[in-house]
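S.K.: Take a look at the following structure, please.
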Amino acid sequence: MSSFNTEVTPNALAFVTRDSLKIGTVESIQRLHIKTIPLGETPRRIAYQEVKKVFGLLTTKGLSPEEDISHIRLVDDQTFEILDSYALDKFEVVQSLISCDFEDPQNPVFVAGTAFILPTEEEPSKGRIIVFQVTDFRKIMILQQLEVKGCVYSLAAFEKTQVVAGINSKVELFQWDQKTDPQNPSLTSLCAHFGYIVALTIAVTGSFVVVGDLMKSVSVLTYNSMENKFKESYRDYATNWMTAVEALDEDHFIGADNHLNIFTLKKYVDEKEVHMLIEDGQFHMGQMIHHFRHGELFVVAPCKNDLHIFFVNRIPSPFDS
């Protein structure tokens, strides 16, 4: 064992075991404090608004998808008290949730996606995108709701005032407009890209939309605002049953599949000018990954080219077999 002091690991210790070299620090606080908040129902999705000091929470309660009762809830970020709730319709199940500011950082909104799980349908034919805001009295105010043709599996903020959604077998782009009529904001469809089995998970980096398909792995779309359409720029031609995807940067991507693997992809153009994604890394995690998130769980000294990303285990969907 020896002291190990660098810019990235100040005041650290290095020690050797039989088969590895370990570097670490001794902290004054060694305990991780965990508080369990009983909800009495299943949390499905969560998003946070620091400005409003609240969590947006999507929950379900029931014995089966046909009997589920779903709610949108606001939760205080300190006391975890439920501040307000909005009940969804019969047969309507929550699916996705994001927070975005639409160029107004002091007044962010939540955007939720749902699906109607009808006993007579094998695949949802109807869902909703619901845009809501937290009032000064910390209550839910519905700003707009739009019925769509399918299940809103995933949502992502895109280019300032737009939202991109994975709805059944398509990726659809929506425009949010609250400036024309502040009392009656609108959410309108701009364009869609088809050809998926299920557009299960979506990530955005710059002007690129990264799509994780249920069976057809990962593809990258580019949006042309002049022509108002998506174009598929790159595709992984392997067959991966995706559960999560995220962009590391505009050229590299990370995904997780239902075989409990994590893998990375990079853009590649072959000698025939075919644009594709090729696998350049893989790891067997042994757990189902539902979501990747850029961030840090601890403070470290900045280091050039550092990238931190973490993930959470997958929450079962009512459509899982």
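S.K.: Are there any pairs, at least 6 apart or on different chains, whose C-beta atoms fall under 7 Å, with the first in the stretch 105-121 and buried (at least 19 other Cβ atoms within 10 Å of the Cβ) and the second among the aromatic types (Phe, Trp, Tyr), and if so, which?
M.R.: Every condition considered, the pairs that remain are VAL109/PHE102; VAL109/PHE132; PHE110/PHE132; PHE116/PHE91; ILE117/PHE91.
S.K.: When the residues of the stretch 190-248 are filtered to those that are among the basic types (Lys, Arg) and surrounded by fewer than 16 Cβ atoms within 10 Å (Cβ to Cβ), which remaining residue is nearest to TYR268 (Cα to Cα)?
M.R.: Among those that are among the basic types (Lys, Arg) and surrounded by fewer than 16 Cβ atoms within 10 Å (Cβ to Cβ), it is LYS231.
S.K.: While we're here: For the subset of the stretch 22-41 comprising residues that are in a loop (DSSP other than H, G, I, E, B) and surrounded by 10 or more Cβ atoms within 10 Å (Cβ to Cβ), which member is modelled with the highest pLDDT?
M.R.: GLU41
S.K.: Restricting attention to the stretch 191-229, which residues are over 19 Å from MET242 (Cα atoms) and β-branched (Val, Ile, Thr)?
M.R.: THR222
S.K.: Where in the stretch 203-273 are there strands (runs of 3 or more DSSP E), lying wholly inside it, with at least 3 residues that are closer than 17 Å to HIS193 by Cα?
M.R.: 208-213, 218-224, 229-235
S.K.: Residue under question is PRO65, and the condition is that it be modelled with pLDDT of 90 or more, surrounded by 14 or more Cβ atoms within 10 Å (Cβ to Cβ) and of a type outside the set (Asp, Glu); does it hold?
M.R.: no
S.K.: Follow-up. Whether any residue in the stretch 57-74 is closer than 30 Å to SER225 by Cβ and touching a Ser or Thr at 6+ places or on another chain (Cβ under 8 Å) is what I want to check.
M.R.: no
The values are calculated or read from the model by the stated rules, or taken from the named source; none is laboratory data. No experiment lies behind these values; they were computed from the predicted model shown. With ideal geometry, Cβ positions are generated from the backbone for all residues, glycine too; neighbour counts draw on all protein chains shown.
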